[in-house]
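Novice: Can you keep this structure in mind? I'll have questions shortly.
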Amino acid sequence: MDTSSPLLQAGPVTQPTDLPDVFDPRIHAAGPPHDAFRELRDRAPVAWQEERAVLGWPAGPGFWAVTRHADVVRVLKDAGTYSSWLGATQIRDPDPADLPFIRRMMLNQDPPEHGRLRRLASRAFTPGRIARFEETARARARALLAAAVEEGGEVDLVRAVTDDYALLNLTDLLGVPASDRGLLHAWTERVIAYQDPDEPAVLGADGKPVNPRSPAMLAEMFAYAQELAAHKREHPADDLMTALATTELADAELEMFFFLLTVAGNDTVRAAAPGGVLALCGHPGEQRRLWRGEVGTDTAVDELLRVHPPVLSFRRTAARATELAGVRIAEGDKVVVLHVSANHDERVFPDPHRLDLARRPNPHVSFGDGPHVCLGAHFARLQLRVFYEELRVACEGVETAGAPRRLVSNFINGIKSLPVLLREP
């Protein structure tokens, strides 16, 4: 696309060429670029973004960034126009040779195929199974927080509490033996943190970074999934892997479900819990309301998810030429919805940068929308509710004791370190 002229022709509207970049993962290391998102929402709600080479990864063809809430919801709900299958759901294009493999995952499929897999998974991800898990999650949160307070109260919340809380809850739900929990952590880091300089990329024979979602990089995880499934068929238990291993899922589908549950199931809570605490530290008045019981925990969880969604973006590919917010989108164009921007759209959320733990209505898109709305949202909400309830019991309040370190990523809104002071009751 020619950007030499002052304006870009984009269907019925013209776009300025001085729009901010929201693609570079390094931008997000300082927190979501809310000023840039607001500018895009106001000036170009469907904005062309250059996909420059960065952090060792090659340049791409560019994409349309969708920043307003209404447009994000429209894209997420219209799988016929905005496909998850054509180019998968990450901003960067996968290697064409890897695409058939990546399309095995439910996340990267469109209806009706997506619906068949989702129905099979729903049988395992039942509300009853999740509700029975609450007692275990509560005991775990209580123990981790008590240990953090006993250390003197000043801790890295991520290292001392939230990383273990998210990972151990997930492995219990999946039915992964305690001795293997470190494997899940390592696999999750490889997939989620691949843009972060603290997680060096694996290089191929050509010296270029290898996609962490490629068959070669997932072979170890998939072999483990098959071994675990075989064990569960012989020794069934009340866990997700037993339920999935005894459905009509093909081996390849089972492997992809294990991958999806391991990564998404872990990182949703792993990102949301410290992000929510950071928001509470920045709004002490709202924190006091929560501690005093003046706002419901369920409502508070949704507001904390709104201001700190675990996922920053998801990609779709235009299955046909279309128009969005007056912008003409060509068949095959990449269309990227920006959840964190939609959650702060002034057109939907009055005073969006103010934390309001009693906010209603609260139609945030932190768990997506449409056919791909997060299958584990109920499980994630339960864990977060239990965590905040136990946090109130464990301490009188929480405040930051240093600057957070954020994940370098344009996909996951992660926090790698959060020094806090947990005030003793």
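Novice: Ignoring ligands, DNA and RNA, what accessible area per residue does the chain give at 1.4 Å, in Å²? Present the calculation step by step, with values, prior to reporting the outcome.
Specialist: On the way: 16960 Å² over 425 residues.
In whole numbers, the chain has 40 Å² accessible per residue.
Novice: For the range 383-397, in order, what is each residue's ³J(HN,Hα) by Karplus, 6.51 cos²θ - 1.76 cosθ + 1.60 with θ = phi - 60°, in whole Hz (x at glycine and Pro)?
Specialist: 4, 5, 4, 4, 4, 5, 4, 6, 5, 5, 6, 6, 8, 6, x
Novice: Full extension from GLU50 to THR246: what is 0.36 nm times the residue separation minus their Cα-Cα distance, to one decimal in nm?
Specialist: 66.0 nm
Novice: Next question. Taking H as built 1.01 Å from N, whose amide H comes closer than 5 Å to the amide H of GLY62, not counting residues under 5 places away?
Specialist: Amide H neighbours of GLY62: GLU51.
Novice: Sort GLU189, GLU135 by heavy-atom solvent-accessible area, probe 1.4 angstrom, most to least.
Specialist: Values: GLU189 45, GLU135 150 Å².
Result, largest first: GLU135, GLU189.
Novice: A further question follows. Could you run the Karplus curve 6.51 cos²θ - 1.76 cosθ + 1.60 with θ = phi - 60° over the range 46-51 and give me ³J(HN,Hα) per residue in whole Hz, x for Gly and Pro?
Specialist: For the range 46-51, the Karplus-derived couplings read 10, 10, 6, 10, 6, 10 Hz, x marking Gly and Pro.
Novice: Then there is this: Could you work out the helix-only [θ] at 222 nm for the chain, with each DSSP H run of four or more residues adding -39,500 (n - 2.57) and the total divided by the number of residues, to the nearest 500 deg cm²/dmol?
Specialist: Working: 15 runs with 181 residues, N = 425.
Roughly -13000 deg cm²/dmol at 222 nm, from the helical runs in the chain.
Novice: Considering only the other residues whose Cβ falls under 9 Å of the Cβ of ARG129, what net charge follows from Lys and Arg at +1 and Asp and Glu at -1? Let's see the in-between values first.
Specialist: Details: positive: ARG132; negative: ASP238, ASP239.
With Lys, Arg at +1 and Asp, Glu at -1, the net is -1.
Novice: On to the next question. How long are the three semi-axes of the equivalent ellipsoid for the range 309-425, computed from the Cα gyration tensor as the root of 5 times each eigenvalue, in whole Å, largest first? Before the final figure, lay out each step's value.
Specialist: Numbers: eigenvalues 233, 54, 45 Å².
In descending order the semi-axes read 34, 16, 15 Å.
Novice: Once phi is turned into ³J(HN,Hα) by the Karplus curve 6.51 cos²θ - 1.76 cosθ + 1.60 with θ = phi - 60°, what whole-Hz value does each residue of the range 121-130 show in order, with x for glycine and proline?
Specialist: Result, ordered by residue: 5, 4, 5, 8, 8, 7, x, x, 5, 5 Hz.
Novice: Kindly identify the range 13-170 as rounded, prolate or oblate by the Cα gyration tensor criterion: order the square roots of the eigenvalues as a ≥ b ≥ c, call it rounded if a/c is under 1.5, otherwise compare a/b with b/c, prolate if a/b is larger, else oblate. Write down the numbers at each step before the final one.
Specialist: Working: a/c = 2.13, a/b = 1.36, b/c = 1.56.
Since a/c reaches 1.5 but b/c is at least a/b, the shape of the range 13-170 is classed as oblate.
Novice: Shifting gears a bit: Taking the Cβ of VAL340 as the center, what net charge do the other residues with Cβ under 12 Å away carry, scoring Lys and Arg +1 and Asp and Glu -1? Kindly include the intermediate steps, with their values, before the conclusion.
Specialist: Numbers: positive: ARG38, ARG41, ARG306; negative: ASP345.
Spelling it out: positives minus negatives among the neighbours equals +2.
Novice: Counting pairs of alpha carbon atoms under 8 Å apart in space and at least six apart in sequence, what relative contact order in percent does the chain give? Please list the in-between numbers first.
Specialist: Numbers: 704 pairs, mean separation 110.9, N = 425.
Once divided by the residue count of the chain, the mean separation gives 26 percent.
Novice: Largest first and to the nearest Å, give the Cα extent of the chain along each principal axis.
Specialist: Computed over the Cα atoms, the extents are 62, 53, 40 Å.
Novice: Over the range 221-360, what is the relative contact order in percent, taking alpha-carbon pairs closer than 8 angstrom and at least six residues apart?
Specialist: Numbers: 142 pairs, mean separation 28.2, N = 140.
Reported as a whole number, the value is 20 percent.
Novice: Whose amide H sits under 5 Å from the amide H of SER417, counting only residues 5 or more places off or on another chain, with H placed in the peptide plane?
Specialist: ARG405
Novice: Further question: First check a/c for the range 315-381, with a ≥ b ≥ c the square roots of the eigenvalues of its C-alpha gyration tensor; if it is under 1.5, answer rounded, and if not, answer prolate when a/b is larger than b/c or oblate otherwise.
Specialist: Details: a/c = 3.32, a/b = 1.57, b/c = 2.12.
It is oblate, given that a/c is not under 1.5 and a/b is not larger than b/c.
Novice: Okay, moving on. Classify the range 157-257: rounded, prolate or oblate, from the alpha-carbon gyration tensor (a ≥ b ≥ c, eigenvalue square roots; a/c under 1.5 rounded; otherwise prolate if a/b is larger than b/c)?
Specialist: oblate
Novice: With a 10 Å cut-off between alpha carbons and a GNM built on the chain, which of ALA271, ALA59, ALA124 moves the most?
Specialist: Greatest mean-square fluctuation among the candidates belongs to ALA59.
Novice: If amide H atoms are built 1.01 Å from N in the plane of the peptide, which residues on other chains or at least 5 residues away come under 5 Å of the amide H of VAL202?
Specialist: Under 5 Å from the amide H of VAL202: VAL210.
Novice: Take each of the peptides 318-326, 196-204, average the number of other beta-carbon atoms within 10 Å over its residues, and list them starting from the highest. Walk me through the numbers before you get to the answer.
Specialist: Values: 318-326: 16.4, 196-204: 14.4.
Highest mean packing first, the order is 318-326, 196-204.
Novice: Additional query: Would you mind pulling out the separation of the Cα centroids of the range 210-238 and the range 106-168, in Å?
Specialist: So the two Cα centres are separated by 19 Å.
Novice: What percent do you get for the relative contact order of the range 300-365 when only Cα pairs under 8 Å and 6+ apart count? Working shown, then result.
Specialist: Numbers: 89 pairs, mean separation 27.1, N = 66.
It rounds to 41 percent for the range 300-365.
Novice: Quantify, in whole percent, the carbon and sulfur part of the accessible surface of the chain (1.4 Å probe; protein heavy atoms only). Could you put the intermediate results ahead of the total?
Specialist: On the way: 8910 of 16960 Å².
Answer for the chain is 53 percent, counting heavy atoms of protein chains only.
The values are calculated or read from the model by the stated rules, or taken from the named source; none is laboratory data. Bear in mind the structure is a predicted one, so any value in this text is a computation, not a measurement. For neighbour counting, all protein chains shown are included, and Cβ atoms are generated from backbone atoms with ideal geometry for every residue, glycine included. Ligands, DNA and RNA are stripped out before the accessible areas are found, and what is left, the full protein with its side chains, is counted by its heavy atoms. Shrake-Rupley method; radii C 1.70, N 1.55, O 1.52, S 1.80 Å.
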